[in-house]
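Worksheet: the structure to be examined is printed underneath.
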Amino acid sequence: MFGEFDYTFRYDSNDVSIHVDQSEGFYKYFRKSAGESITKAISGGSGIMAINPVEPVNLPQEVTSYLEIHFTPVAVEPASTQLVYLNFPIEIGVFLESKGDFDILDIFSLATPKYSLYGPPEEGIITRYHESPVSGTLPHTDRLKEGVVSLTIANTSRSWIEVSRVVLDCRELFLYYSDIVSIIARMDILSKDIADVRSENRPLREGMKPSVLLSKARKTLIPEKIPFMMEFGVGD
Amino acid sequence: MASLDTVIYGDVTVLDLIIFAISVVIVVIVAKVVSLYLKRALSDRMERGELDKLIRGIQVAIILLGIWFALPSFNFDVGQLLVVGGTVGLIIAFASQKIASNLSSGIFILIERPIRIGDDIRINDISGTVEQIRVLSTIVKTYDGVYVRVPNEQIFTSDIINYVTNPARRIKYIMTIGYGENVDQMMHVIMTLFDEHPFVLAHPAPTIFVSALGESGVEITIYVWVPSRVWWSVKTNLPGQIKELFDREEIEIPSPQRIVRFTSSPTGSEIEGGS
């Protein structure tokens, strides 16, 4: 389903049905999934439709730009690095592209959204919440629902640290897709309470395509590219 | 044309005044055009409050700069003007203490930032959403859609309740179920509803417990945390969902009832009744 298509595109599966029809002088976009039906008119027929995974923080309503993944605790020894694989929920963005400009047409998801609070209620941040198994090898995922995070955990402290969650800033995310959806991220642990987390702009495998992300399509001004600092702990 | 050369004050002629007035009008128009352009270009890239502040700052800068360049048409000594301006400023400040107080309060509000544009707040009896923070006053739109101008001094010296400064808020519900109902089953179905609700936060986890054994039934207290931005919609939406769930699971929400026993009756039998 992911890729760039013209308006003759059609996708039907048990979970999702997407197509564009030409009627009453308009192109009309139809999408049916998760008990929801959407119809939108598109003006002009010279554009391209791009469908790809996007940052999972838009549904049912945008309340945050952070993704928090909880996983089975991993004890990381001092001054060492550990690579783990996690999964994360995805949302699917349908974009219209014309002359190099992208605009969002539709967002939907086959994953159930859940939100949480990272940190205390007075100064924490709302996060999109997901519980994931942790694995040392690339896990199998349904790419319409989930992606894979390749997370390098670097413990730069002098003590063993138990890590059971990571918070990613979706404004700084880089998503790639092919037969899987992937994020490469790195977590530099400074202490059991503080870690820097950043997403790296490279694919997990050769040949993967970069996703058009909502933060880019909306042309949001992001003043500085700094890693997100987890300052309310890396464990439970 | 002789009237244009008429001296009004010092070396300032009517023509100087007209040139100055035209310059100011042009500068104001330029400032408006620039702000319109900025609004169009940046409205989808910046938060509304931040954009408003940026545009206002640029407008003020353009107007001040325009006036600065227009002043030489008066042959004014700018240094002298600054001194005179400062003195006049002081006199005005003393003469209009309320305005000065509102102005300084406005500056402190901008520095301390107890409220931001878009925040849901309550100040004294005024509840609503902050629309604009101006130099002298703050504009609040009440939930009924009424425009309220609040002087900044009043905001600065009042207790401000800001409902969205903290990222999450707690909602409390109290409900009663019949004595004949299975409390564990009821708690389980409510927790399942909370697990499936996107905005009932996973952490801090919802709490549900028996808080009292009431006259009509078992009193249950529920605490859930939700994102502040969607607090109102969740608060008003959850009770209906819980009611639907209770109907589906056939869990009784009892009406107030009282058992009345007559120890003796004309026929000698015992009668029980409820209402």
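Pick out the one residue from B:Ile8, B:Ile99, B:Ile67, B:Ile111 that is modelled with pLDDT under 85, away from every other protein chain (no Cβ under 14 Å) and not in a helix (DSSP H, G or I). Can you show your working first?
Values: B:Ile99 fails: not in a helix (DSSP H, G or I); B:Ile67 fails: not in a helix (DSSP H, G or I); B:Ile111 fails: not in a helix (DSSP H, G or I).
From the options B:Ile8, B:Ile99, B:Ile67, B:Ile111, the qualifying one is B:Ile8.
Looking at the stretch B:228-246, is at least one residue without any contact (Cβ under 8 Å) to a residue 60 or more places away in the chain, small (Gly, Ala, Ser) and within 12 Å of chain A (Cβ to nearest Cβ)?
Checked against the condition, which is being without any contact (Cβ under 8 Å) to a residue 60 or more places away in the chain, small (Gly, Ala, Ser) and within 12 Å of chain A (Cβ to nearest Cβ), the stretch B:228-246 yields at least one hit.
Which one is nearest to the chain's Cα centre (by Cα) among residues in the stretch A:93-139 that are of a type in the set (D, E, K, R), within 11 Å of chain B (Cβ to nearest Cβ) and in a loop (DSSP other than H, G, I, E, B)?
Of all residues in the stretch A:93-139, those of a type in the set (D, E, K, R) come to A:97, A:99, A:101, A:103, A:106, A:114, A:122-123, A:128, A:131.
Now restrict to residues that are within 11 Å of chain B (Cβ to nearest Cβ): A:103, A:114, A:122-123, A:128, A:131.
Adding the requirement that they be in a loop (DSSP other than H, G, I, E, B) leaves A:114, A:122-123.
Values: A:Lys114: 14, A:Glu122: 27, A:Glu123: 24 Å.
Among those that are of a type in the set (D, E, K, R), within 11 Å of chain B (Cβ to nearest Cβ) and in a loop (DSSP other than H, G, I, E, B), it is A:Lys114.
Residue-wise test of (1) touching a residue at least 12 places away in the same chain (Cβ under 8 Å); (2) farther than 19 Å from A:Leu59 by Cα; (3) basic (Lys, Arg).
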site: A:Ser157; (1), (2), (3): yes, yes, no
site: A:Val166; (1), (2), (3): yes, yes, no
site: A:Ile189; (1), (2), (3): yes, yes, no
site: A:Asp193; (1), (2), (3): yes, yes, no
site: A:Asn201; (1), (2), (3): yes, yes, no
site: A:Leu204; (1), (2), (3): yes, yes, no
site: A:Lys209; (1), (2), (3): yes, yes, yes
site: A:Ser215; (1), (2), (3): yes, no, no
site: A:Glu231; (1), (2), (3): yes, yes, no
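Among the residues of the stretch B:168-194 satisfying the criterion of being part of a helix (DSSP H, G or I) and touching a residue at least 40 places away in the same chain (Cβ under 8 Å), which is nearest to the other protein chains (Cβ to nearest Cβ)?
B:Leu193
The values are calculated or read from the model by the stated rules, or taken from the named source; none is laboratory data. Note that this is a predicted model, so its numbers are computed, not measured. All Cβ positions, glycine included, derive from the backbone under ideal geometry; neighbour counts span all protein chains shown.
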